[in-house]
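Throughout, read-outs are computed from the coordinates displayed, never taken from laboratory work. Treat the numbers as computed from the prediction; the structure is a model and nothing was measured. A quick note on method: Cβ atoms are made from the backbone with ideal geometry, for glycine too, and the neighbour counts reach across all protein chains shown.
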Amino acid sequence: MCGIVGYIGKRQAYPVLIGGLHRLEYRGYDSAGVALLSDTDQLNVYKAKGKVSELEAVASEKDCSGTMGIAHTRWATHGGPSTKNAHPHVSESGNLTLVHNGIIENYAVLREQLQKRGMHFQSETDTEVLVQLIEYVQTSLGLSLEAAVQAALQRVIGAYAIVVLDRRTPNRLVAARKSSPMVVGIGEDGKEFFVASDASPIAEYTKQMVYLKDEEIVVCERDKELRVYTLTGENVPVEVKKVELDLTMLDKGGFPHFMLKEIFDQPSVLQDCMRGRVLPEHGRVILSAVTDHRERLIKARRFIIVSCGTSWHAGLIGKQLIEHFCKIPVEVEYASEFRYRDPVIYPDDVVMAISQSGETADTLAAIELARKAGAFVFGVVNAVGSSIARNTDTGTYIHVGPEIGVASTKAFTGQVCVLTMLALTLGEAKGTIDKKEYQAVFDELQLIPQKIERILEQNDRIAVLSKIFTYAHNFLYLGRGWNYPVALEGALKLKEISYIHAEGYPAAEMKHGPIALIDQEMPVVFIATHHQLHEKIISNMQEVKSRNGRIIAIITEGDEVVKQMVSEYIEVPDTLACLAPLLSVIPLQLLAYHVAVQKGLNVDQPRNLAKSVTVE
Ligand code: M6R
């Protein structure tokens, strides 16, 4: 998804902007660009299709001087990936240049109106319409840059985070947002400013951050205090937050890919996730969100979980946990469907939004809908200070650190860990959980990190195993009960990074259709830990075997029955059924990773995908 960086101050802007773009690469993009106001007040714009390194190659021979500039990584929406469509876009006169995240829904109408007034367009983007509109308003009404931005944005329908630079006013950058995140960092002397779509590209320069709210405009003026206005021109008090980001967490830490690092991070980040919440000295789990909103949560008529992708799979496990331990009915909805469906939401419902990035546009829209209906909104989010975190009534951060690989791994186990802690806490508060079961889950949860370590020790074996299966064009993943969402997650991991078509199914559904696909070419991954319905899964394996399907079984350590049946298996340590997903998903993450590596693919930034899906 697109990323923005802007700088104005005393430093040379180019290294700040390029460094920032590299930090934003994790979001996924297809082109990049930078605009700099040079030391001689020349506006220099450089763009390239492809990676930031390609932009650097383009800029290497050129004038990159200047203490003010804006930069962008683009993920195509209107118009394909190309240099022409890459940002920054420049206005007709060459005075204004702008970068934009989001989508301008009425761009076609605006473009036609501007063309009728003699303006020309160089790209197919909705963004170029914005810069031309701002210039048109500025010239025809004789406005300052900020007043022109304010007036122009009132005519715009859609989502945006923008930064605009006017070469005639080399002392200021103007930025604005609506439904797309934007943060301003205030540098050392309070007189230099960094603007970005999230804190990661600017965190190495400052911890003082101002998160813009919807429909706010900010003026970053050299040597002056930051000014924030609403779209209608009222002054807004500047609210500075201290944001601590561990920058070493943004590096690969010696692993060849972020994804592998993040898979291996899981034992330690799950400990971080439980720290201060799972309290052995008290023999209890304490979540402040549940303490603070106890009555509201225990009286919930129903939970509705809204999320997308991997977070939706975690939601399916959350459903089983909350229904089992808290006896509250739970519905799990794709946020993208929920937001447009006219769903029935009661004021005594709890709507739970699960999101790693905290910026997923569909999940944000689902929250909006829930709020309008008067429901209580609970967030399970990773990115601290993100839009979802700020738009919920309460919530629990998963605290697994920045996830850079596009394929979500540690966020999934972090989400499941939080959902487990929530179900235990709420079940205890409601009195619906059996004391012995509470104790058993409480004890076992603390052993999960070391059990994951044991699975990770099999990494080399799984790498060898993966070589056998790179030939495949299709994979089937089957699981039941607690492991059914894991089958879905395993299939998603494989398809998004290896581009092999993979489907997850409840194992018993196989005979209602997918069994027709089984032949000697078809790898079938069974998540067959020795919990509920184990015998039945074994029968499903027999059915696949007798049709020459190639089985890879995820089994509990020492399951001799399955070991005798199949040639390929990966063992995971024994655990309680409700915690099985936290272990059984690990070999599937590694399998997907190694298949993609074998195929020579870009594991961390797979084609067509973005880390943070901020458009619907
Ligand atoms: O940031 P979110 O958790 O809201 O993102 C939701 C999905 O876009 C995300 O899980 C996506 O499916 C991942 N690429 C899966 O690995």
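In whole Å, how far is the Cα centre of segment 435-488 from that of segment 120-167? With segment 435-488 and segment 120-167 each reduced to a Cα centre, they are spaced 51 Å. Placing +1 on the Cβ of every Lys and Arg and -1 on the Cβ of every Asp and Glu, with no other charges, gives segment 3-245 a dipole of roughly 140 debye about its Cα centre. Ordering 463-471, 74-82, 193-201, 347-355 by mean Cβ neighbour count within 10 Å, with the highest value first, yields 193-201, 347-355, 74-82, 463-471. Taking the Cα atoms of the chain, the ratio Rg/Rh between the radius of gyration and the Kirkwood radius comes to 1.00.
Backbone amide hydrogens, once placed in the peptide plane, bring Met352 within less than 5 Å of Ile304, Ile305, Val306, Phe378, excluding anything fewer than 5 places away on its chain.
Given Lys493/Lys545; Lys49/Lys213; Lys299/Lys319; Lys252/Lys611; Lys299/Lys436; Lys10/Lys207, which pairs have Cα atoms separated by over 20 Å? Check vs 20 Å cut-off fails for Lys493/Lys545; Lys49/Lys213; Lys299/Lys436. With both labels modelled 7 Å from their Cα along Cα-to-Cβ, the Arg301 to Arg341 distance reads 1.7 nm.
Stretching Ser546 away from Arg227 to a fully extended chain increases their span by 107.7 nm, per 0.36 nm per residue minus the current alpha-carbon distance. Here each label is just a point 7 Å from Cα along the line to Cβ, and for Thr139 and Ser567 those points are 7.2 nm apart. In terms of packing, defined here as the mean over residues of other Cβ atoms within 10 angstrom, the peptides 600-610, 233-243 line up highest first as 600-610, 233-243.
For the chain, with only Lys/Arg (+1) and Asp/Glu (-1) charged at the beta-carbon, what is the dipole magnitude about the Cα centre, in debye rounded to 20? All intermediate terms of the calculation are to be shown ahead of the outcome.
Numbers: 64 positive and 75 negative charges, 88 e Å.
Here the size comes out at about 420 debye.
Scanning residues 5 or more positions from Tyr477 or on other chains, those with amide H under 5 Å from its amide H are Glu503, Gly504, Tyr505, Val525, with H placed 1.01 Å from N in the peptide plane.
Run through the DSSP bridge list for the chain and note the antiparallel percent, rounded to the nearest 5. Numbers along the way, then the final one.
Numbers: 61 of 101 bridges.
Looking only at bridges with both residues in the chain, the antiparallel portion is about 60 percent.
Summing Lys and Arg as +1 and Asp and Glu as -1 over all other residues whose Cβ lies under 11 Å from the Cβ of Tyr229 gives a net charge of -3.
Under 5 Å between amide hydrogens, built in the peptide plane, is the criterion, and for Tyr569 it picks out Ala553 among residues at least 5 positions away or on other chains.
Near Pro343, within a Cβ-to-Cβ distance under 12 Å, what is the net charge of the other residues, with Lys and Arg +1 and Asp and Glu -1?
Details: positive: Arg302, Arg339, Arg341, Lys372; negative: Glu331, Glu333, Glu337, Asp342, Asp349.
That sum, taken over residues with Cβ under 12 Å, equals -1.
Taking label positions 7 Å along the Cα-Cβ direction at both Val464 and Ser268, the computed distance is 2.8 nm, reported to one decimal.
Can you tell which of Met259, Gly142, Gln564 lies farthest toward the positive end of the dipole of the chain, using +1 and -1 charges on the Cβ of basic and acidic side chains (Lys, Arg; Asp, Glu)? So the residue we want is Gly142. Residue ranges 101-107, 211-217 sort as 101-107, 211-217 when ordered by packing (mean number of other C-beta atoms within 10 Å per residue, highest first).
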